[in-house]
Amino acid sequence: MEGVSEPVDVVLIGGGVMSATLGSLLQQLEPEWSITILEALPEVAQESSNPWNNAGTGHSALCELNYTPEKNGQIDITQAVKVNEQFQVSRQYWSYLVSEGLLPEPTKFINPVPHLSFVWGESNVEYLRKRYEALKDHPLFPGLEFTEDARVIREWAPLLIPGRKKSQPIAATRIVGGSDVDFGALTKNLIDGLVSRGAELRVERRVTGLKRLKDGTWRVRGRHVVGGTPFELTARFVFVGAGGAALHLLQKSGIREIRGYGGFPISGQFLRTDNPEIVARHQGKVYGKASVGAPPMSVPHLDTRVVDGQASLLFGPYAGWTPKFLKTGSWFDLFASIRWHNLGTMIGAGLKNLDLVWYLVTELLATRTKQHEVLQQFAPKAEQGDWYRITAGQRVQIMKKGPDGKAVIQFGTEVVAGGDGTIAGLLGASPGASTAVPIMLDVLATCFPQRLAAWEPQLTRMIPSYGTKLSDAPKAAAKELASTAKTLGLAV
């Protein structure tokens, strides 16, 4: 049996962007701490952090219309501002790491790509105009442009206009300061840095058990994927950043905080083209409005993706389904997650959201021709033969009890931590990776409150806006946006 006699200070379960980010932060704050990363696959960043398993938008609410709902005729920008704030925190930390030589040339993981919103139909055009008016003077949305002119839209995104009826009302907004992020490359670089500075990476190690010991440490047990050799180690702090597998592992830990949580897996598919002539005609991430009854994660978008220096176009997502919690997971994942304490939550959430169930069924029944027709709503002259279908990552939608005790579906991510702060895990999906840094700062605040005061000077050096809100300080926001854009090679 593999093992260590002395407890490891930190064990990170899962080799994705969340574990990589938390490990990087802790190594900067406590360089003497020992860190071990356990990954079940032969390489890190192969599930949700893989660039082809996520949208890579660098979610900052510049174009995602689901973050700005219309309520009683008014546009609510609260969520958009929150998500943008979070992404700016991530940008600041990445900028710090690049400046310190702890991350490579930024083009290895982030590239400038304009972010656009595009709608059609009179009511949607009016909505987008209201959204533009609500955001155009906000310090986190500088340079937001709006147009209803097809000629201007064609200049911004040429694929959107040819073949479209001239009588159709259309509108678009654009911010040139958007980005495309390869979270796979970012994760690999962060973990390479961790290992070069003393952390240990163990791949093909599947964790099967977590148990709290009498001395307050955690016993982490598992098996080597190849050969089945068991391993065991103890840890003073455990972070479960295992994507869809996090729910199972937190359940196995026995912490009471996970009681009542359930998960429902959703997979996604995209249409992709690598045709250089088509790719050259579209430079941007263009988001539309989700269809009526569709969940926020289903917002259609036509994206420029830059992976390993090669540009492609992606359109989707189209919903898919398997009972697996990971692409490489088990067909029994969903059923194995059911407990007496979450069964009622899962049933209640399903009954309250029958429209989402129906949406999923209709998506699963959609033909290849039907999927192509959806693409043609964005790019009317798109030829089916130029695009092929890829399967993106698995997402596990959170179901839990709300403040009123009734079952709700949680759209987003959520940190679940043990009461004593020795274990924490992350559940949920979008905007996930884009907001990894602020989410991991929440983990630090929740699990290490007694150390925050000592860490604050270093945290402020790494993240200048730490402890404040850029949206409350226009001058500081302009300065930080310009500074990080310069360091990361992005447009202002």
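Could you tell me whether any residue of the stretch 341-350 is surrounded by 18 or more Cβ atoms within 10 Å (Cβ to Cβ), at pLDDT below 85 and either farther than 26 Å from Gly288 by Cβ or touching a helix residue (DSSP H, G or I) at 6+ places or on another chain (Cβ under 8 Å) (or both)? Within the stretch 341-350, one or more residues are surrounded by 18 or more Cβ atoms within 10 Å (Cβ to Cβ), at pLDDT below 85 and either farther than 26 Å from Gly288 by Cβ or touching a helix residue (DSSP H, G or I) at 6+ places or on another chain (Cβ under 8 Å) (or both).
The strands (runs of 3 or more DSSP E) found wholly in the stretch 262-368 and carrying at least 2 residues that are of a type outside the set (Phe, Trp, Tyr) and farther than 30 Å from Tyr127 by Cα occupy 262-273, 301-307, 310-320. Close contacts from the stretch 1-23, counting a first residue that is closer than 21 Å to Ala445 by Cβ and at pLDDT 95 or above and a second that is assigned to a strand (DSSP E or B) and among the polar types (S, T, N, Q), with Cβ to Cβ under 8 Å and a gap of 6+ residues or different chains, come to Val10/Thr36; Val11/Thr36; Leu12/Thr36.
Hey, any hits in the stretch 23-45 for a residue that's under 30 Å from His248 (Cβ atoms), outside any helix (DSSP H, G or I) and in contact with a Phe, Trp or Tyr (Cβ under 8 Å, 6 or more places away or on another chain)? Break it down stepwise before answering.
First, the residues of the stretch 23-45 that are under 30 Å from His248 (Cβ atoms): 23-27, 29-30, 33-45.
Subset that is outside any helix (DSSP H, G or I): 30, 33-45.
Next, from what is left, pick out any that are in contact with a Phe, Trp or Tyr (Cβ under 8 Å, 6 or more places away or on another chain): 45.
Yes, some residue in the stretch 23-45 is under 30 Å from His248 (Cβ atoms), outside any helix (DSSP H, G or I) and in contact with a Phe, Trp or Tyr (Cβ under 8 Å, 6 or more places away or on another chain).
For the stretch 53-68, the criterion of a residue being assigned to a helix (DSSP H, G or I), in contact with a Lys or Arg (Cβ under 7 Å, 6 or more places away or on another chain) and either free of Cβ contacts under 8 Å to residues at least 60 places away in the same chain or aliphatic (A, V, I, L, M) (or both) is satisfied by at least one position.
Taking (1) modelled with pLDDT under 90; (2) exposed (fewer than 14 other Cβ atoms within 10 Å of the Cβ); (3) closer than 30 Å to Ala20 by Cα in turn, Phe335 satisfies each apart from (1). Residues in the stretch 25-80 that are surrounded by 21 or more Cβ atoms within 10 Å (Cβ to Cβ) and under 30 Å from Lys136 (Cα atoms): 15 in all.
On inspection, Phe378 fails the criterion of being within 23 Å of the chain's Cα centre (by Cα) and aromatic (Phe, Trp, Tyr). Residues of the stretch 215-232 that are within 19 Å of Ile423 (Cβ to Cβ) and without any contact (Cβ under 8 Å) to a residue 12 or more places away in the chain: Asp215 alone. For Phe270, the criteria (1) buried (at least 16 other Cβ atoms within 10 Å of the Cβ); (2) touching a helix residue (DSSP H, G or I) at 6+ places or on another chain (Cβ under 6 Å) hold in every case but one, which is (2). All of (1) β-branched (Val, Ile, Thr); (2) touching a residue at least 40 places away in the same chain (Cβ under 8 Å); (3) exposed (fewer than 13 other Cβ atoms within 10 Å of the Cβ) hold for Val307 with one exception: (3). When each of Leu481, Leu452, Leu459, Leu488 is tested for being touching a residue at least 12 places away in the same chain (Cβ under 8 Å) and either closer than 26 Å to Pro7 by Cα or more than 22 Å from the chain's Cα centre (by Cα) (or both), the lone residue that passes is Leu459.
Can you spot a residue in the stretch 315-322 that is more than 23 Å from the chain's Cα centre (by Cα), touching a residue at least 60 places away in the same chain (Cβ under 8 Å) and more than 30 Å from His115 (Cβ to Cβ)?
no
Of all the residues in the stretch 127-145, those that are among the charged types (D, E, K, R) and within 12 Å of Asp76 (Cα to Cα) number 3. Being in contact (Cβ under 8 Å) with a residue 40 or more places away in the chain, among the small types (Gly, Ala, Ser), more than 18 Å from Ile266 (Cα to Cα) and part of a helix (DSSP H, G or I) is a property that Gly385 lacks. Inclusion of Gln92 among residues that are assigned to a helix (DSSP H, G or I), out of contact with any Asp or Glu (no Cβ under 7 Å at 6 or more places or on another chain), under 28 Å from Thr468 (Cα atoms) and polar (S, T, N, Q) is not warranted.
The values are calculated or read from the model by the stated rules, or taken from the named source; none is laboratory data. All of these numbers come straight from a predicted model, not from anything done at the bench. Virtual Cβ from ideal backbone geometry, glycine too; neighbours counted across all protein chains shown.
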